[in-house]
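Please read the structure below before turning to the comments.
The values are calculated or read from the model by the stated rules, or taken from the named source; none is laboratory data. Here the structure is a predicted model, which is why all the values come from computation and not from measurement. Cβ: placed from backbone, ideal geometry, glycine included. Neighbour counts: every protein chain shown. Side chains included, ligands, DNA and RNA excluded: accessible areas come from the protein's heavy atoms. Shrake-Rupley method; radii C 1.70, N 1.55, O 1.52, S 1.80 Å.
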Amino acid sequence: MNDTEIIAREAEEEASAAQDSRALYEVKMKFLGRAGKVTALLKSMKDVAAEERPAFGKKINALREKLEERFAALESVVKKRELESRLSEERLDVTMPGRHRKQGALHPVTRVKNQLVDLFAGMGFEVYEGPEIETEYYDFTALNTPADHPARDMQDTFYVTEGSDDNFLLRTQTSAGQIRVMENKKPPIKILSPGRVFRSDDDATHSPMFHQMEGLVVDKNITLCDLHGMLGEFARVMFSENTKTRLRPSYFPFTEPSVEVDVSCASCGGKGCSLCKGTGWIEVLGAGMVNRNVLKNCGIDPDEYSGFAFGMGIERIAMLKYGINNIKLLTENDVRFLEQFKD
Ligand code: DAH
């Protein structure tokens, strides 16, 4: 019968020594668990003489209740202490300065490309992106470029495979996309084709990979005046409200007549400075009326339809717009340079 008192004392000693809720739980199991000491006492009832059993049972139950209460009380004390220590250890100091996150920005080339797409989309142009790996047919032959034209030379063009018309190359101009569009779509056509182009070129104003933006309009009664009017709007939006444009005769195999388009120099306002080499004008793009042969190559009747096309270097526009003097700055990705183009 003394067992209950011994057990009660033992339990009290061990429970009050338990430092955390885990240790306390272990002590609780040692006494009240299925293999615990109190449970063992209950099981031993069958060995007790029948007349003593009720009193014995009562005593054990009283012990169990007492221990359960005691453990519950200790548990709430230990849990409270643990919560308090966690709260003080994990406390946030809301007055500490936050971590600074750097805000990214669009690359100047992407920026200018987006501005151009916005501008021309507003005039009803649809965007078409052609493949970067082209055949010689699309990049040169269909564009009326003679077989012996120097642009086809290996010194200018990166060939993937070399030989006849169906050999692959990295496109040297987005003009190749004009053919793909005209082969698949009948006039009226009004497309804009931005993308990467590749040439074996490398100096302060040329890079082996750069971006172009091609424009093509084909419909009935399209004239050079339409081209000039539209490019005037382009120059005013991209550079400034009072930018003027002029067309100079030029030559491209795929246009007839061909023109080079100049804008008045934004740096000196047309008076002449080092940027425009004293001329007051800066060349920004090539353009012209689509050559009859090119229309024919795409199954469009040149007696019924006419069109104009233009192609500009996006890096060149970005360099003029932001006053950048070396094209390499646009591919080196030096953050100190790129950071300047946020707004
Ligand atoms: N493809 C020419 C180049 O890379 C630019 C160009 C000139 C495109 C005249 C045109 C055009 O569409 O009509 O230099």
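Remarks
- Pick from segment 117-164, criterion part of a loop (DSSP other than H, G, I, E, B), of a type in the set (S, T, N, Q) and without any contact (Cβ under 8 Å) to a residue 60 or more places away in the chain, ranking: farthest from ASP203 (Cα to Cα): SER164
- Qualifying residue in segment 202-222 (condition: within 13 Å of the ligand (Cβ to nearest atom), under 16 Å from ARG316 (Cα atoms), touching a strand residue (DSSP E or B) at 6+ places or on another chain (Cβ under 8 Å) and among the polar types (S, T, N, Q)): yes
- Checking ASP226 against (1) in contact with a strand residue (DSSP E or B) (Cβ under 7 Å, 6 or more places away or on another chain); (2) acidic (Asp, Glu); (3) in a loop (DSSP other than H, G, I, E, B), the condition it does not meet: (3)
- Taken together, the residues in segment 127-164 that are open to solvent by 70 Å² or more (accessible area, probe 1.4 Å) and not acidic (Asp, Glu) amount to 9.
- Scanning segment 284-297 for residues being in contact (Cβ under 8 Å) with a residue 24 or more places away in the chain and over 15 Å from LEU227 (Cβ atoms) gives a total of 5.
- Test: residue in segment 178-196 that is without any contact (Cβ under 8 Å) to a residue 40 or more places away in the chain and not in a helix (DSSP H, G or I): yes
- Selection status of LEU41, in contact with an Asp or Glu (Cβ under 8 Å, 6 or more places away or on another chain) and modelled with pLDDT under 90: yes
- Yes/no for ASP139 being of a type outside the set (A, V, I, L, M, F, W, C) and more than 30 Å from MET238 (Cβ to Cβ): no
- Considered as a group, the residues in segment 79-123 that are open to solvent by 90 Å² or more (accessible area, probe 1.4 Å) and among the aliphatic types (A, V, I, L, M) include one that is nearest to LYS328 (Cα to Cα), and that residue is LEU106.
- Any hit, segment 323-335, residues being outside any loop (DSSP other than H, G, I, E, B) and either touching a residue at least 12 places away in the same chain (Cβ under 8 Å) or open to solvent by less than 30 Å² (accessible area, probe 1.4 Å) (or both): yes
- Segment 320-332, residues that are under 17 Å from VAL263 (Cα atoms) and out of contact with any helix residue (DSSP H, G or I) (no Cβ under 8 Å at 6 or more places or on another chain): LEU320, GLY323
- Selection within segment 186-208 - at pLDDT 95 or above and out of contact with any His (no Cβ under 8 Å at 6 or more places or on another chain): PRO187, PRO188, ILE189, LYS190, ILE191, LEU192, SER193, PHE198
- Qualifying positions in segment 234-272 - within 12 Å of the ligand (Cβ to nearest atom) and surrounded by 15 or more Cβ atoms within 10 Å (Cβ to Cβ): LEU247, SER250, PHE252, PRO253, PHE254, THR255, GLU256, SER258, VAL259, GLU260, VAL261
- Scope segment 273-321; condition open to solvent by less than 10 Å² (accessible area, probe 1.4 Å) and away from the ligand (no atom under 16 Å from the Cβ); matching residues: CYS276, GLY280, ALA318
- Residue within segment 314-322 that is of a type in the set (D, E, K, R) and over 26 Å from the mean Cα position of the chain (by Cα) present: no
- Residues of segment 217-230 classified as open to solvent by less than 30 Å² (accessible area, probe 1.4 Å) and farther than 19 Å from PHE254 by Cα, total: 1
- Residue within segment 200-210 that is farther than 27 Å from GLN155 by Cβ and among the β-branched types (Val, Ile, Thr) present: no
- Only listed residue being at pLDDT below 90 and open to solvent by less than 50 Å² (accessible area, probe 1.4 Å), chosen from ALA49, ALA15, ALA11, ALA73: ALA49
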